[in-house]
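Values in this text are rule-based calculations from the coordinates and carry no lab data. Quantities reported herein were computed from a predicted structural model and do not represent experimental measurements. For neighbour counting, all protein chains shown are included, and Cβ atoms are generated from backbone atoms with ideal geometry for every residue, glycine included.
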Amino acid sequence: MLQAYFESIKYVGHLLPMSFLRIFLGYFYIDLVLKDWKQYIIGVGGYSDVFVEALNKAQIPSWYRLLLSEQIIPNWHIYAFVIIGLQLVVGVSYVIGYVVRPVSMLAVFLCLNYLTVYSVDREIFFKLLIACHIMLAWVGAGRCLGLDYYFFKRRRGLWW
Amino acid sequence: MRHFIVFVVLVFGALTAFYYNHGDQVKNIEDKKIHVYASSSFIAKWGPGPELKELFEKQNIFKVEFVEISDMAMAIQKISFENDASVADVVLGIDQFDVTRVANKIKWRDIERNSGVKFVENLGPAAVEKTFVPYDWAPMSFVARKSLKTSVSSLKDLLAPELKNKIALQDPRTSSPGLQFLAWVFESKSGEDAIKYLKQMSKQAHSFSPSWSASYGLFKNNQSDLVFSYVTSPVYHLVEDKDDQFLSIETTEPLPVQVEFAGIPQTCKNCEAAEMFINFMLSPEAQKIIMQKNYMLPVIAHVKEATAFDALKVYKTLPIKFYEQSKLDKWINTWVEIRKNEGI
């Protein structure tokens, strides 16, 4: 597996710049997990200011507002755990380059949520992030400097 | 697909195991910690927060953790949503308008004060308020440079043609000082006169900034000749900039007073420690820190003696009131109508 990891540079070296982007995004998500874990799970920040902001946002769809106020806010600690877990899945997957394609789709789903709840001034950032995730999924960024190359060599298919 | 599912399950499994292993340690730390919700200017390194925290932690076993709030209404909304899950033990920066406008959205604890705390006389009913404890205050007026050629000694003088577009004011919808000015006008003049005055004043205004700091920035950059601010602002320039060219204007109308309160939400986790923190804020040492860092007056007597604040004039002030929300809404709506008709 380790041999395949480095071998990938030789055979799919043209994906190397994408791998750097992937690893950087992985680091970004792991960093986010560390911050959110302290704030929401340990409980310092209690519950996210983002939701208060979101509920005061005029552009938010009414069904999403209902979901926030009826489901997510009353059970915030469970949802916070799930969100942090998903962020960790994205972070670890991007850093080691494992199951990058399906995880990218998961990351797009997370970003769509951020896009809805965060203030308008951060919209452009999340749109760019979505574009990055789609690019990573498109090229199969886990195949270079990632474990996906090992499985791709043996199994082929769309998952790697 | 199988790889993906196994990977997700593994990550969540590891996270759950980590959570259960560290939960007890976290609880022990949290038992000795109080969470204080305060504005960014209070907890900034140049604000009173860090010194208060250090002093309180020296005197007690409890640790203080500040949580920054950007807006009081949003902070209260957040505590209200969180309900029992809220970690807020103390909320700082509640002014007399917040007390009636937003604070009633959640339940607050009555605060037992240390015996022997003697509040300054100017605080009136604010000193005996059970659920909110005042920790600083200051009269508000217009601040100008000593070089200002126009003589101003009343609200009417502000309508002088030389001051057209030269006064920096705040938007009463978003700024507490802005609302103070509005309340001052309505308290000093009868209904129709107040509306007429506000109409004329809106021509004198350079702008209505969304916050006090934005309007004060305009004044400091010489874009306006006067700004509605705290009478303690000239002391700030004297101490920090060694500049004695600023003065606060005393008007024939008594000045409005801004008071900041601390409160303990009913959902507090370390309620007794929170009460200790608020009583600590009323100690002479803490009051001195708040005065010197926040540039507001202390709520207890004798603290400002032998400091730059001692030289401040004793201003004639309006009695402190907790206005009804309907009254405040009416004033704000009147102001909005006037601004609308001004075409802005």
Q: Using a cut-off of under 19 Å, list every residue of segment B:102-122 whose amide N is near the label point 7 Å from the Cα of B:GLU324 along the Cα-to-beta-carbon line.
A: B:102-105
**Q.** Ratio Rg/Rh [Cα only; Rh per Kirkwood] for the protein assembly as shown
**A.** 1.07
(Q) Amide H of B:ILE69 versus every other amide H placed in the peptide plane: which residues, excluding those fewer than 5 positions away on the same chain, fall under 5 Å? (A) B:ALA38, B:SER39, B:SER40
Q: May I ask you to give the average projected area over all directions of the convex hull of the Cα atoms of segment A:22-138, in nm² rounded to one decimal?
A: 7.1
Q. Distance in nm between label sites at A:ILE30 and B:SER153, each 7 Å beyond Cα in the beta-carbon direction?
A. 7.2
Q: Please turn the phi angles of segment B:36-43 into ³J(HN,Hα) values with the Karplus equation 6.51 cos²θ - 1.76 cosθ + 1.60 (θ = phi - 60°), one per residue in order, whole Hz, x for glycine and proline.
A: 10, 7, 8, 6, 4, 5, 6, 9
**Q.** Residue of A:VAL99, A:VAL50, A:VAL117 that the Gaussian network model of chain A assigns the largest fluctuation, springs spanning Cα pairs under 10 Å
**A.** A:VAL50
**Q.** Label-point separation in nm, B:ASN21 to A:TRP63, each point 7 Å along Cα→Cβ
**A.** 4.1
Q) How large is ³J(HN,Hα) for each residue in segment B:118-124, as worked out from phi by the Karplus curve 6.51 cos²θ - 1.76 cosθ + 1.60 (θ = phi - 60°), to whole Hz, x for Gly and Pro? A) 10, 6, 5, 5, 4, 6, x
Q) What angle do you read, to the nearest 10 degrees and between 0 and 90, between the alpha-carbon axis of helix A:16-36 and the longest principal axis of chain A? A) 30
Q) If you count, for every residue in A:51-62, the Cβ atoms of partner chains within 10 Å of its Cβ, what is the mean? A) 2
**Q.** For segment B:11-160, the fraction of alpha-carbon pairs in successive 10 Å shells from zero, as %
**A.** 8, 26, 31, 19, 10, 4, 2, 0
Q. Relative contact order for chain B: what is it in percent, counting Cα pairs under 8 Å that are at least 6 residues apart?
A. 26
Q) Using just the C-alpha positions of chain B as equal point scatterers, what log10 of I(q)/I(0) does the Debye formula give at each q in 0.07, 0.09, 0.10 1/Å? A) -0.35, -0.55, -0.65
Q: Classify segment B:259-344 as rounded, prolate or oblate, taking a ≥ b ≥ c as the square roots of the eigenvalues of its Cα gyration tensor: rounded when a/c is under 1.5, otherwise prolate if a/b is larger than b/c and oblate if not.
A: oblate
**Q.** For B:GLN266, distant residues with modelled amide H under 5 Å away
**A.** B:LYS107, B:TRP108, B:ARG109
Q) Where does helix A:123-139 land angle-wise versus the long Cα axis of chain A, in degrees 0 to 90, nearest 10? A) 30
(Q) Using only DSSP helix segments of four residues or longer, with each worth -39500 (n - 2.57), what per-residue ellipticity at 222 nm results for chain B after dividing by its residue count and rounding to 500? (A) -13000 deg cm²/dmol
Q.
With a cut-off of 8 Å between alpha carbons and a minimum separation of six or more residues, what is the relative contact order of chain A in percent?
A. 36
Q: List, in order, the whole-Hz ³J(HN,Hα) value for each residue of segment B:129-141 obtained from phi through the Karplus relation with A = 6.51, B = -1.76, C = 1.60 and θ = phi - 60°; use x for Gly and Pro.
A: 4, 7, 8, 10, 10, x, 10, 7, 7, 6, x, 10, 7
(Q) If the reach is capped at under 22 angstrom between alpha carbons, list the lysines near B:LYS33, excluding any in the same chain fewer than eight residues apart. (A) A:LYS35, A:LYS38, B:LYS45, B:LYS53, B:LYS58, B:LYS63, B:LYS78, B:LYS107, B:LYS269
Q | Highest-first arrangement of B:70-81, B:254-265, where packing means the average Cβ count within 10 Å | A | B:254-265, B:70-81
**Q.** Per-residue average of Cβ from other chains inside 10 Å of B:82-89
**A.** 4
Q: Work out the mean other chain Cβ neighbour count within 10 Å for the residues of A:88-99 and drop it here as an integer.
A: 3
Q: Obtain the nm distance between the two label points defined at B:SER115 and B:ASP310 by a simple spin-label model: each point lies 7 Å from its Cα along the Cα-to-C-beta direction.
A: 3.1
Q: Taking the Cβ of B:LEU163 as the centre, find all other residues whose Cβ is under 12 Å away and add up their charges (Lys, Arg: +1; Asp, Glu: -1).
A: +2
Q: Calculate for chain A the 222 nm mean residue ellipticity that helices alone would give, adding -39,500 (n - 2.57) per DSSP H run of length 4 or more and normalising by residue count, nearest 500 deg cm²/dmol.
A: -21500 deg cm²/dmol
Q. For B:HIS206, which sequence-distant residues (separation of 5 or more, or a different chain) have an amide H within less than 5 Å of its own amide H, given hydrogens modelled in the peptide plane?
A. B:LYS166, B:ILE167, B:ALA168, B:LEU169
Q: Give the angle, between 0 and 90 degrees and rounded to the nearest 10, that separates the Cα long axis of helix B:2-31 from the longest principal axis of the Cα atoms of chain B.
A: 70
Q | For chain B, share of DSSP beta bridges that run antiparallel, in % to the nearest 5 | A | 60
(Q) Order B:56-62, B:162-168 from most to least packed using the mean count of other Cβ atoms within 10 Å. (A) B:162-168, B:56-62
Q: Pull up the cross-link candidates among the lysines for A:LYS10, meaning alpha carbon to alpha carbon under 29 Å and not fewer than 8 places away within one chain.
A: A:LYS153
